[in-house]
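Structure first, then comments.
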Amino acid sequence: MEEQCPQVTVVTPLLDERDNIRPLYEQITKTLTGRGEAVDGNKPVFGGYNYEIIFVDDGSTDGSFNILAAIQKADAKVRVIRFRKNFGQTAALSAGFAHARGGIVIAIDADLQNDPADIPKMIEKLSEGYDVVSGWRKKRHDHFVTRLIPSKIANWLISRITGVKLHDYGCTLKAYRKEVLDKTKLYGEMHRFLPALASWSGAKITEMVVNHRPRTAGAAKYGLARTWKVLLDLMTIKFLGSYSTKPIYIFGGLGLASALGAIVCGLAVLYQKIAHDFPMNRNPLLVLTAILITTTIQFILMGLLAELLVRTYHESQDRPTYVIKEILESSREKENPATKTQSPQGPLRGHEEE
């Protein structure tokens, strides 16, 4: 008998979390089987749901994979993906999303700071018509200087630039509809921008407060160094979101600004020559004018080259520049007389005419 496709997939990326794996697995299983905290009275939300758990081992060297292998051997609902080396959290989440079979996908960290008990509430939130539910760690148990301050600055900056206002982009605990993830490719450290990417494709985004617990085992994998990566990825996200199909707008805009600067500097050189008889060959503004003219030409040419690359990219892969949510049409196809074809021997007849 063919195995029933799971309705919910939990994706857990991990790196050297040996002491947290089994407690996390037990908490997730307890929640998804309905043996955890009851929701809506005494009826657990997940009592009748089929689920799977995907652990992605991102090159652990502390024996985490042995624990994962033992868990998977004992529970058929668990699947384990092992990387050959450490590729990063974005790659781990991307692999988990690609192998997820559930219609709803939950991402959760393996450090036990995210609480699996929040999963049923996030599923309930999705049922209200949302496509992505992002967790908000309103009360965080992290170091104030190295984690909280950079996080607040980054969240404010990301919200301003992307236009998708969330309090906590860095929270891994999120719930997605699978169709939203199917059209999204992740690179670099872009997993934290998934709500913005989904929103630009027309997905409906919301957030909810989730429980955040202090780390009791293992060590944090992130610090101040990731701030620069976030800023660089944010520039990439903004470019891809706003100009990926029309790069001439940004390069052409910069070129026009440079041209305007060249005109202003050139007029200033002429004014100083005519009004004050200041030698043009000794005027630094003349050099600046020449530089700005050259920059204008370079920006315009870069924009045109980018347009060619973008069109080649989309047309060679037959990639549309839009995302369709659904199509409504009649199931009965109308026959078009113009498309009728006849047999090479001509039309068939039921009888011969005399």
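At-a-glance table
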read-out	value
Positions within the range 126-153 being closer than 25 Å to K178 by Cβ and either of a type in the set (V, I, T) or more than 20 Å from the chain's Cα centre (by Cα) (or both), in sequence order	S127, E128, V132, V133
Tally of residues being at pLDDT below 90, farther than 20 Å from T9 by Cα and surrounded by 14 or more Cβ atoms within 10 Å (Cβ to Cβ) across the range 182-211	9
Hits in the range 245-294 - residues which are surrounded by 17 or more Cβ atoms within 10 Å (Cβ to Cβ), of a type in the set (S, T, N, Q) and within 30 Å of W200 (Cβ to Cβ)	S258
Residues of the range 78-99 satisfying the condition of being under 15 Å from the mean Cα position of the chain (by Cα) and of a type outside the set (G, A, S)	Q89, T90, L93, F97
Residue list for the range 103-127, restricted to those being touching a Ser or Thr at 6+ places or on another chain (Cβ under 8 Å) and either hydrophobic (A, V, I, L, M, F, W, C) or outside any helix (DSSP H, G or I) (or both)	I104, V105, I106, A107, I108, D109, A110, L112, N114, A117, I119
Residue list for the range 92-151, filter: surrounded by fewer than 21 Cβ atoms within 10 Å (Cβ to Cβ), in contact (Cβ under 8 Å) with a residue 60 or more places away in the chain and among the polar types (S, T, N, Q)	T146
Residues (in contact (Cβ under 8 Å) with a residue 40 or more places away in the chain, of a type in the set (G, A, S) and under 11 Å from S134 (Cβ atoms)) located in the range 156-198	A175, A196, A198
Subset of the range 72-91 (residues that are surrounded by 19 or more Cβ atoms within 10 Å (Cβ to Cβ) and touching a Phe, Trp or Tyr at 6+ places or on another chain (Cβ under 8 Å))	V78, R79, T90, A91
Residue match in the range 63-82 (condition: closer than 17 Å to L173 by Cβ, in the same structural domain as M122 (by TED's automatic domain parsing) and either at pLDDT below 90 or not polar (S, T, N, Q) (or both))	no
Residues within the range 229-263 that are assigned to a helix (DSSP H, G or I), β-branched (V, I, T) and in contact with a Ser or Thr (Cβ under 9 Å, 6 or more places away or on another chain), tallied	3
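The values are calculated or read from the model by the stated rules, or taken from the named source; none is laboratory data. Only a predicted model underlies this, so the values are computations on that prediction, with no experimental measurement involved. As a convention, Cβ positions derive from the backbone with ideal geometry for all residues, glycine included, and neighbour counts pool all protein chains shown.
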